[in-house]
2 protein chains.
Amino acid sequence: MNAFQEMNSPLRTIMTPGPVEVDPRVLRAMSTPILGQFDPAFTNMMNETMEMLRQVFQTKNQWAFPIDGTSRAGIEAVLTSVIKPGDKVLIPIYGRFGHLLTEIAERNGAEIHNIECEWGEVFDQDVIIAEMERIKPKVLAIVHGETSTGCMQPLDRIGPACRERDVLCIVDAVATIGGTEVKVDEWKLDAVIGGTQKCLSVPSGMAPITYNDRIEKVVNARKKVERGISTESDRIDVREPIRSNYFDLSQLQDYWGPRRLNHHTEATSMLYALREGVRIVLQEGLKERFERHRFHEEALVEGIKAMGLELFNDVSWKLPMVTCIKIPEGVDGESVRTMLLQQFGIEIASSFGPLHGKIWRIGTMGYSCRKENILFVLAALEAVLIRHKAQVKTGQALQAALNIYETTNLVMN
Amino acid sequence: MNAFQEMNSPLRTIMTPGPVEVDPRVLRAMSTPILGQFDPAFTNMMNETMEMLRQVFQTKNQWAFPIDGTSRAGIEAVLTSVIKPGDKVLIPIYGRFGHLLTEIAERNGAEIHNIECEWGEVFDQDVIIAEMERIKPKVLAIVHGETSTGCMQPLDRIGPACRERDVLCIVDAVATIGGTEVKVDEWKLDAVIGGTQKCLSVPSGMAPITYNDRIEKVVNARKKVERGISTESDRIDVREPIRSNYFDLSQLQDYWGPRRLNHHTEATSMLYALREGVRIVLQEGLKERFERHRFHEEALVEGIKAMGLELFNDVSWKLPMVTCIKIPEGVDGESVRTMLLQQFGIEIASSFGPLHGKIWRIGTMGYSCRKENILFVLAALEAVLIRHKAQVKTGQALQAALNIYETTNLVMN
């Protein structure tokens, strides 16, 4: 009756902008037998994870914990808990994930104000600040690293400008957390959502978030404890309560905080994975980890250029962990990706919307961001492009990458 | 700087109504290196998991897939996708989780109609049918197995009564799926939500759901594809779209179906866990698995009674995988639980609301439902009760349980 066999998964070299290869230590942590959610040994791990997340987010915020869902669950939890119907929300769009922020805010009944720039560009911070001045939104929601275009939006002046104007600054740092600087406190970001399946090298399924007391105040004003477990001191009648139970940050605080009020059953094994993932990040050191990402990015970029290919995002605002390559004229991009997967077991990505069919995206994130992987993807891409009769300079890519690897003093894998 | 060490978790005997011990084969599956979400090897596993879920739900429904979140994420996905503001929803409450259904429906703007019975009772199906006749709701939402009270609501006549009246019947089977019959098609249930962390013995973090074309029709009428990835044929202007992006079943169908339209990044390792979990369930056989749950329940119940303790749910509607024990007069229930954990490494549960401090709940679910665990919890409970100066008949509990184990012809662990 049941014809399905035990899992027998091929082993891949994953060079997409996520999900990427999981650190073997994280995989091992996931196979640990579980604990009950209120077992002191487990709540202690929850607390440890919060503390380590604060360090990764470079914040002193009290609240730093994961939402039990994929990255967009983290985004939705923050936006749904903060935005009331009719609230003005300003969302600059420079790629797919700005549309996602818009979509989620829209479903929460926000009055949306978008500004858009071409995919491949980012905004001059002054443009965003001027628009904020004009719209006077309650919330500015913006993507830090747009994996769809391989671009990174500077935020160091946007955060402080929001603070001055009492605008809540909510940032999607799913792609950047753990791979490059995300200075939550220094940049005065009010809420930040990270991703696990990218530079943290933890499987998808949790979304670490952090937020400060400015967000907490908004959330607490909408707080409503579940009737099945509320006590008399809990207010039941709340105006404009948060529309979601699952994503209700006020309830999640009671679960992650000292009250330990039952909400969902924490996703135990994913928490183990996240705990181990952030532990590894801190063990490596944030500065060292960011340098490692930059280092391998350079080797990849030099290799790509030496092959005679053109980068789509060869700009000062390039996202360090995503390298976008223009698909050469006359080459079928999907056919190249298929051959890479079928012959080499290597996965690279295409893109979305206006860039679909125009660029390939190679991710160099977390555990995937290793010398062997960079060298292998360069070798494979060259071979596959030759098979596709593309004009490439042969034999140059690996030499260029090895020039980086052999001449550096950095001891990096 | 980073003082946190590698995980070093104690090993527990988990006898709560969830989360319970995870099958070692599932833990092993979770440590498999991951695949990209559109890797054919991975989408094939997604399809296999859907097919196995159909078998576990005993349904021919096209849609049977997990929501990436804990059980209540599954409940919220179904209710949020189906309920529009102002829709009439009838929710019978006989424990904590009926309140949760109410809470979620309420946050979606439903016009709620509750009927309640005392915790420890269930409803005569005719009472619910009569109320449905009176209210004429769009949706009936009801819990199948209430872990808070250890009671199970019969549904075999409620489902058909809903169908006759064109009411959508949505069932929370989080506690029962994989542990006792949940006959989705035979009982004419329109949408059913299961849980992983109970009788499936998979960690919390995914919620398998299934629903039929009656639900799909409602969901599709509200369908709205994300702007960042929509094509011209996708409608953008939809009246009363689903309020959540993450829980939008119409979008999830496009991701789990042949269109494979990008939504979230599937929680890879949790999917591996779920695939292995349901594979093991089908390998054991549904009938055999349900019998095993009944068999160990009997041994536990006989042991508890032989000790002289009284069951709270010694009724024909007892939930087979949750045994509720009245805390003896003068005994501090929490102190007993603490000693069980600290001295024996055994976790049992307390309860909520009106039953808080009045009962203990022992779960016998999935991989935790094993002979050694039953015998160990009986031995430990007796010893701890003696330490708490409770009146117990000593030396009888294990004898009663062994009488079951030694005289049966069933070859069961």
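Where q = 0.10, 0.25 Å⁻¹, what log10 of I(q)/I(0) comes from the Debye formula for segment A:187-272, counting one point per Cα? Taken in order of the listed q values, log10 I(q)/I(0) reads -0.31, -1.35.
Kirkwood-type hydrodynamic radius, the protein assembly as shown: 27.6 Å, calculated from all non-identical alpha-carbon pairs. Averaging the Cα positions of each part gives two centres, and for segment B:213-287 and segment A:153-232 these lie 26 Å apart. Simple spin-label estimate for A:LYS358 and B:THR408 gives 6.6 nm between the two label positions (7 Å along the Cα-to-Cβ direction from each Cα).
If you take the Cα centroid of segment B:1-79 and the Cα centroid of segment A:377-401, the two points sit 40 Å apart.
Label-point distances for B:ARG260 to the equivalent site in the other copies, using a point 7 angstrom along Cα→C-beta, read 4.5 nm when ranked shortest first. Globularity index of segment B:22-281 is 0.98 (Cα radius of gyration / 2.2 N^0.38 Å, N = number of residues). Note on segment B:27-124: semi-axes of the ellipsoid equivalent to its C-alpha gyration tensor, largest first and rounded to whole Å, are 34, 16, 14. For the peptide A:18-26, the mean number of other protein chain Cβ atoms found within 10 angstrom of a residue's Cβ is 3. Computed over segment B:136-239, the P(r) tail beyond 21 angstrom holds 46 percent of alpha carbon pairs. For B:ASP68, neighbours were defined as the other residues whose beta-carbon sits under 10 Å from its Cβ, and their charges (Lys and Arg +1, Asp and Glu -1) total -1. Placing a label point 7 Å from Cα along the Cα-to-Cβ direction at B:ASP185 gives distances to the equivalent points in the other copies of 5.9 nm, listed shortest first. Distances, shortest first, from the label point of A:PRO154 to those at the same position in the other copies read 7.2 nm; the point lies 7 Å along Cα to C-beta. Pairs exceeding 30 Å between alpha-carbon atoms, taken from A:LYS223/B:LYS183; A:LYS60/A:LYS138; A:LYS88/A:LYS287; B:LYS88/B:LYS188; A:LYS183/A:LYS358; B:LYS84/B:LYS188: A:LYS223/B:LYS183; A:LYS88/A:LYS287; A:LYS183/A:LYS358. Mean-square fluctuations from a GNM of chain B, with a 10 angstrom spring cutoff on Cα atoms, peak among B:VAL281, B:VAL331, B:VAL174 at B:VAL331. The calculated FRET efficiency for the pair A:HIS388 and A:GLN125, based on their C-beta separation and a Förster distance of 41 Å, comes to about 0.50. A dipole drawn for segment B:22-281 from +1 and -1 charges on Cβ atoms has a positive end, and of B:VAL219, B:PHE97, B:GLY178 the residue lying farthest that way is B:VAL219. Isolated cysteines of chain B, defined as having no other cysteine beta carbon under 4.7 Å away, are B:CYS117, B:CYS151, B:CYS199, B:CYS324, B:CYS369. Label 7 Å along Cα→Cβ of A:SER9; segment B:204-223 residues with amide nitrogen under 18 Å? Under 18 Å, as judged by backbone N against the label point of A:SER9, lie B:204-207 of segment B:204-223. In summary, segment B:323-384 shows an alpha-carbon radius of gyration equal to 1.09 times the 2.2 N^0.38 Å reference for compact globular proteins. Report summary: the helix-based calculation at 222 nm, which adds -39500 (n - 2.57) for every DSSP H run with n ≥ 4 and divides by the residues of chain B, gives -11500 deg cm²/dmol. Computed packing ranks the peptides B:67-76, A:89-98 as B:67-76, A:89-98, most packed first, by mean other Cβ atoms within 10 Å. Positive-end ranking of A:LEU341, A:GLY277, A:ILE327 along the dipole of segment A:271-358, with charges on Cβ about the Cα centre, is headed by A:GLY277. On a per residue basis, the convex hull of the C-alpha atoms belonging to segment B:287-407 measures out at 106 Å³.
If you take all other residues with their beta carbon under 12 Å from the beta carbon of B:HIS356, and give Lys and Arg +1 and Asp and Glu -1, the sum is +2.
If I model a spin label at B:ARG165 and B:ILE135 as a point 7 Å from the Cα along the Cα→Cβ vector, what separation in nanometres do I get? Between B:ARG165 and B:ILE135, the label points sit 0.9 nm apart. If a helix is a whole DSSP H run, which ones in chain A reach 18 Å or further along their own axis (Cα) and hold a mean Kyte-Doolittle hydropathy of at least -0.5? Qualifying helices, which must be both long enough and hydrophobic enough, are A:40-57, A:268-284, A:371-387. Put one equal scatterer on each alpha carbon of segment A:62-206, apply the Debye formula with no solvent term, and list log10 I(q)/I(0) at q = 0.11 1/Å to two decimals. Here the Debye-derived log intensity ratios amount to -0.35.
Please report the antiparallel percentage of DSSP beta bridges with both residues in the protein assembly as shown, rounded to the nearest 5. Given both bridge residues lie in the protein assembly as shown, the antiparallel proportion sits at roughly 45 percent. In this rough spin-label picture, where each label sits 7 Å from Cα along the Cβ direction, the A:GLU284-A:GLN62 distance is 3.3 nm.
No lab work stands behind these numbers, since they all come straight from the coordinates. All of these numbers come straight from a predicted model, not from anything done at the bench. Neighbour counts are summed over all protein chains in view; Cβ atoms, including those assigned to glycine, are modelled from backbone coordinates with ideal geometry.
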